[in-house]
1. I'd like to know if segment 366-375 contains one or more residues that are of a type in the set (S, T, Y) and either more than 30 Å from A152 (Cα to Cα) or assigned to a helix (DSSP H, G or I) (or both).
2. Scan segment 5-25 for residues that are at pLDDT 90 or above, within 22 Å of G161 (Cβ to Cβ), of a type outside the set (G, A, S) and out of contact with any helix residue (DSSP H, G or I) (no Cβ under 6 Å at 6 or more places or on another chain) and report the count.
3. Answer yes if at least one residue in segment 32-54 is in contact with a helix residue (DSSP H, G or I) (Cβ under 8 Å, 6 or more places away or on another chain) and closer than 16 Å to I157 by Cα, and no otherwise.
4. Select from segment 83-141 the residues that are hydroxyl-bearing (S, T, Y) and part of a strand (DSSP E or B) and write down the one among them that is farthest from the chain's Cα centre (by Cα).
5. With the structure loaded, tell me whether S122 is hydroxyl-bearing (S, T, Y), touching a Lys or Arg at 6+ places or on another chain (Cβ under 9 Å) and surrounded by fewer than 24 Cβ atoms within 10 Å (Cβ to Cβ) or whether it fails that test.
6. Within the group V141, V124, V106, V120, which residue is closer than 30 Å to A67 by Cβ and β-branched (V, I, T)?
7. Just one of the numbered conditions (1) buried (at least 17 other Cβ atoms within 10 Å of the Cβ); (2) modelled with pLDDT under 90; (3) of a type outside the set (K, R) is not true of I213; which one?
8. In segment 393-427, how many residues are out of contact with any Ser or Thr (no Cβ under 7 Å at 6 or more places or on another chain) and assigned to a loop (DSSP other than H, G, I, E, B)?
Amino acid sequence: MTAEAPKSPPFADADALVVALGTRARAAAKRLAAATTGAKAAALRAAARQLRAQAPAILDANARDMAAGAAGGLGPAMLDRLRLDATRLGAIADAVEAVAALPDPVGAEIDRTERPNGLVLSRVRVPLGVVGIIYESRPNVTADAAALGLMAGNAVILRGGSEAAHSNRAIHAALAAGLSESGLPEDAVQLVPTQDRAAVGALLRAQGLIDIIIPRGGKGLVARVQDEARVPVLAHLDGINHLYIDAAADPAQAVELAVNAKMRRTGICGATETILIDRAYPAPLAIVDALVRAGCEVRGDARIAALSPHIARAEAGDWDCEYLDAIVSIATVDGLDGALAHIDAHSSHHTDAIVTEDAATAERFLSAVDSAIVMHNASTQFADGGEFGLGAEIGIATGRLHARGPVALEGLTTYKWLVRGSGQTRP
């Protein structure tokens with residue numbers, strides 16, 4: 001069930017609403033594109049101060065969302081994604097400040113060449129313009145998206161899920177206060193003021209007003225965006241992530257990584273959903289037992305299920321399921337080739353990892369797996385923009401165009417060519 005959202009003002013025409021939002025955003029984007037690095041950083045620091053100053057109001061709003069979510073039947077993992085406390089809100093403010101301290105990508109020269117005729121060509125980074133972000137459940141996305149969009153010189157239009165509507169509005173109010181304090185336009189960060197689903201359709205049709213749409217949520221949301229959008233889409237798909245335990249894995253490390261990758265936070269997209277164990281690995285039961293002790297439900301293939309009465313037999317759909325819960329599927333594979341075949345068939349191309357002490361096997365895995373993030377001897381829970389030193393992220397892009405992996409500042413820019421001549425004419 002969906003948590004009850006706060007009442008939104010009535011809008012008879014969702015298209016007119018989005019035109020109004022988009023028009024203001026385009027005007028703000030022009031000002032942001034010309035803003036100095038110092039001005040953008042100052043605005044983000046002011047926004048972080050406002051997040052801390054308005055913490056009581058934000059946490060009160062989040063408590064209402066949590067109560068509505070629990071009453072509406074949201075599961076533990078979804079409630080964990082939704083929940084804010086003083087520590088988490090402090091981390092959100094810290095992340096906004098971290099973005100302010102990052103190098104400004106706008107105007108950065110990507111490369112420069114000189115042609116035989118003397119023309120000097122360079123590519124420089126420029127903002128995308130107006131970015132529409134449609135997301136579910138996680139109120140931290142409101143602040144992360146606003147901070148990254150602004151530092152990259154973009155205006156953003158945010159449409160959060162109804163589960164976090166109170167929280168999103170409170171966070172947005174703090175961000176707007178920071179922008180106002182700093183002198184940058186409040187319209188640089190706008191929150192769609194209604195939970196009416198028609199507004200999503202209007203955003204997807206807003207050609208000429210919105211330059212790119214970034215969906216962040218479940219399969220249903222992403223599928224709708226990809227089916228209906230007339231605006232370019234940068235998709236953040238589900239995280240069907242794999243951890244492959246190679247025959248040459250260190251057993252203690254394999255147990256530690258398996259438990260952390262699955263159980264540290266089960267409701268995030270970087271959580272491992274399937275563990276693959278080489279048939280030649282000597283201690284599979286130790287991995288299973290450690291997961292069970294940590295409170296994880298284990299579903300295994302025939303060989304794994306035979307190891308313990310605590311293991312349920314996996315069904316065909318388990319290999320393609322993003323549980324976002326304390327559930328993991330475990331399969332036995334025939335070495336690296338078997339692991340690669342399973343990942344190729346079932347991965348969502350988000351994050352996949354290998355545990356092994358064999359350097360050659362690790363390098364082959366890193367090269368062969370076609371995912372946005374591929375890891376060796378590390379927990380998949382590190383699939384996060386902050387952990388990558390990017391300050392924050394809009395999401396993990398799993399496609400192949402424009403940006404891939406954690407989408408942060410550079411992923412929110414494009415480039416233009418600059419050509420400098422001295423009177424050259426083309427013969």
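1. Scanning segment 366-375 turns up at least one residue that is of a type in the set (S, T, Y) and either more than 30 Å from A152 (Cα to Cα) or assigned to a helix (DSSP H, G or I) (or both).
2. The qualifying residues number 2.
3. Yes, that holds for at least one residue.
4. This residue is T113.
5. So S122 passes the test.
6. Testing whether each residue is closer than 30 Å to A67 by Cβ and β-branched (V, I, T) leaves just V141.
7. I213 satisfies all of (1) buried (at least 17 other Cβ atoms within 10 Å of the Cβ); (2) modelled with pLDDT under 90; (3) of a type outside the set (K, R) except (2).
8. So the answer is 19.
The values are calculated or read from the model by the stated rules, or taken from the named source; none is laboratory data. From a predicted model like this one, the values you see are computed outputs, not experimental measurements. Methodologically, a virtual Cβ is constructed for each residue, glycine included, from the backbone with ideal geometry; neighbour enumeration extends over all protein chains shown.
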